[in-house]
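The values are calculated or read from the model by the stated rules, or taken from the named source; none is laboratory data. Quick caveat: nothing in here was measured; it's all calculated off a predicted structure. Here the Cβ positions follow ideal geometry from the backbone for every residue, glycine too, while neighbour counts run over all protein chains shown.
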Amino acid sequence: MAVAIITGASRGLGRALAEALAGRGWDLVLGARTAGPLEEAARELEKYGTRVVALAGDVTAGGHRAELVTAARELGGADLLVNNAGILGAEPLVPLDRHPLDGFRAALEANVVAPLGLLQEALPLLRQAPGGAVVNVTSDAGVEAYATWGAYGATKAAVDQLSAVLAVEEPGLRVWWVDPGGMRTAMLAAAEPDEDLAGVPLPEEVAPAFLRLLDERPPSGRYTASALLETGAGR
């Protein structure tokens, strides 16, 4: 059975992706910072008959990353790594002239350094898996200039570049960095608390875009969920 490691899996997009994969029979290793919501998610996902290992911890900690990969190895390997966990660095977001530097450092650690560290841990298993794949969740804030999104966007621009280089260095893997677009999540609400999110898609509506990547296995590259959800897959 295929095995996926998903970070930030207790809520939002990570939770939606976990449920989508569980519905297809994938075994899951799930990580998130808060134990209660993560364990609740795991109990719900086990109803699909899949094996679920839920490990609460901070992905910026090397020990936690090692635990995630060890758990995948014990389930039989790792076919997919989803680097989804991330933080804003400031809540709500603020312009660069007022952005706390400690918050920016924390966002760099969580959004850039931690995914690279987890990737380094998981690569031996991914290389062994037939069709091993990496999904790094990025953002349009990494390529567009949105007021107040500068620091967070800088971390996602770094994720884009790391992903592009990884795709060159690991031609045997599929490496997809995916912009899910705006989603009705707690993170977006914290980023812009005055915004009306009523018309913004739920993560469950975006998850099928990621499944399309797994089904069609397009070349490594940057993709947007909006394009993947249209009739023709696109970047």
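On inspection, residue 94 does not qualify as assigned to a helix (DSSP H, G or I), of a type in the set (Val, Ile, Thr) and touching a residue at least 40 places away in the same chain (Cβ under 8 Å). Every condition in (1) closer than 24 Å to residue 10 by Cα; (2) under 18 Å from the mean Cα position of the chain (by Cα); (3) surrounded by fewer than 16 Cβ atoms within 10 Å (Cβ to Cβ) is met by residue 185 except one, and the failing one is (3).
Here residue 128 passes the criteria (1) of a type in the set (S, T, N, Q); (2) surrounded by fewer than 19 Cβ atoms within 10 Å (Cβ to Cβ); (3) within 17 Å of the chain's Cα centre (by Cα) except the one numbered (3). Filtering the stretch 1-20 to residues that are touching a residue at least 40 places away in the same chain (Cβ under 8 Å), of a type outside the set (Lys, Arg) and touching a Ser or Thr at 6+ places or on another chain (Cβ under 9 Å) leaves 1, 12, 13, 14. Which condition from (1) touching a residue at least 40 places away in the same chain (Cβ under 8 Å); (2) outside any helix (DSSP H, G or I) is the one that residue 182 breaks? Going through the list (1) touching a residue at least 40 places away in the same chain (Cβ under 8 Å); (2) outside any helix (DSSP H, G or I), residue 182 breaks only (1). Just so you know, in the stretch 72-89 the residues that are of a type in the set (Gly, Ala, Ser) and buried (at least 21 other Cβ atoms within 10 Å of the Cβ) include one that is nearest to residue 111 (Cα to Cα), and it is 86.
Assessment of the stretch 103-115 against the conditions (closer than 24 Å to residue 182 by Cα, touching a helix residue (DSSP H, G or I) at 6+ places or on another chain (Cβ under 7 Å), surrounded by fewer than 20 Cβ atoms within 10 Å (Cβ to Cβ) and not β-branched (Val, Ile, Thr)) yields at least one matching residue. For the stretch 197-214, filtered to residues that are over 13 Å from residue 228 (Cβ atoms) and either in contact with a Lys or Arg (Cβ under 6 Å, 6 or more places away or on another chain) or assigned to a helix (DSSP H, G or I) (or both), the residue that is modelled with the lowest pLDDT is 197. No other residue among 53, 29 is assigned to a strand (DSSP E or B), surrounded by fewer than 23 Cβ atoms within 10 Å (Cβ to Cβ) and in contact with a strand residue (DSSP E or B) (Cβ under 7 Å, 6 or more places away or on another chain) apart from 53.
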